[in-house]
Amino acid sequence: MNIIFIAPPAAGKGTYSHLLKERYEFNHISAGEVLREVEKEGTPLGKEVSEIMARGALVDDSLMARLILDKLNKIDLNIPFIMDGYPRKLNQVKDYERILQKLNLEVTYVIFLDISKETGLKRKLGRATCPNCGKSYNINVDYLKPKQEGVCDECGSPLSIRKDDTKEAYEKLYDIYLSDTLPVIKYYEEKGKLIKLDGSEHPDIVFKEITSLLGVDNG
Ligand SMILES: [Zn+2]
């Protein structure tokens with residue numbers, strides 16, 4: 001089984017990927033992490049990636065496809081895996097289909113976590129973390145608020161907000177989502193692979209929907 005998580009920014013796909021990894025031992029392949037990993041290796045390819053990122057440019061589709069194939073070659077494909085952040089545009093979908101064909105695989109489901117732009121923005125702007133123990137909060141989401149405003153529940157330290165969580169940053173990401181990722185969603189919908197979930201629900205409910213869909217919630 002292999003799935004793709006696809007969603008507007010701040011819909012929580014990272015969170016659900018991590019939960020599937022932790023609780024059900026799925027492999028989680030995040031496009032961002034694949035890039036960071038190859039950079040750390042310091043190989044000629046890693047250096048190439050570092051240079052591209054340092055310029056603030058994007059890794060092109062063919063290089064990204066090579067890195068994804070490399071990554072898939074390194075893991076046990078009998079274990080279910082999640083793609084997170086790839087493929088994020090139609091050109092990458094074509095690449096990814098070629099990759100899966102090589103590996104004799106087919107996408108099982110594409111899980112679309114649907115949230116409105118307003119909800120995403122609210123979540124993005126409300127994110128807060130504890131610099132001491134790392135616990136994360138969201139001051140704009142009831143069940144993720146700290147008990148006492150601005151203070152960590154666990155250790156009492158003052159919470160901090162990320163500087164890059166701005167309205168402008170969110171809108172930029174959301175525009176890219178509309179222009180690049182929405183066509184991917186439509187593509188998989190037409191292929192009958194898309195499962196749409198309401199990402200604005202409580203995370204426990206969304207996660208339960210995901211696990212029952214994947215048939216892993218019976219233990
Ligand atoms: Zn803390």
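Observations on the structure shown:
- Inter-label distance for D76 and E118, nm, one decimal - labels placed 7 Å from Cα along Cα-to-Cβ: 4.7
- Note on exposure: T119, T181 ranked by accessible area (1.4 Å probe, complete protein assembly) read T119, T181, with the most exposed listed first.
- With Cα atoms, 0 to 90° folded angle of helix 44-54 axis to the chain main axis: 40
- Degrees, to the nearest 10: 31-41 long Cα axis against longest axis of the chain: 80
- With respect to the chain, whose longest principal axis is taken over its alpha-carbon atoms, helix 167-176 is tilted by about 20°.
- Fully extending the segment from K47 to K147, taken as 0.36 nm per residue of separation minus the present Cα-Cα distance, adds 31.5 nm.
- Selection of GluC sites (Glu not before Pro), region 111-188, meeting DSSP coil and at most 14 other Cβ within 10 Å: E149, E154
- In plain terms, if you count all Cα to Cα distances in the chain and split them into 5 Å steps from zero, the share in each step is 1, 6, 13, 16, 18, 18, 14, 9, 4, 1, 0 percent.
- The slack in the chain from T129 to L105, taken as 0.36 nm per residue of separation less the alpha-carbon distance, amounts to 4.8 nm.
- Taking a straight Cα-Cα cut-off under 14 Å and skipping sequence neighbours fewer than 8 places away in the same chain, the aspartates and glutamates within cross-link reach of K208 are D198, D217.
- For region 1-105, the Kirkwood estimate of the hydrodynamic radius, built from every pair of different alpha carbons, is 14.4 Å.
The values are calculated or read from the model by the stated rules, or taken from the named source; none is laboratory data. Computed from a prediction, not measured in an experiment: that's the story for all the values here. Quick reminder, even Gly has a Cβ in these numbers, built from the backbone with ideal geometry, and neighbours come from all protein chains shown. The protein model used for the area step is the full one, side chains on, heavy atoms only, and it has no ligands, DNA or RNA in it. Shrake-Rupley method; radii C 1.70, N 1.55, O 1.52, S 1.80 Å.
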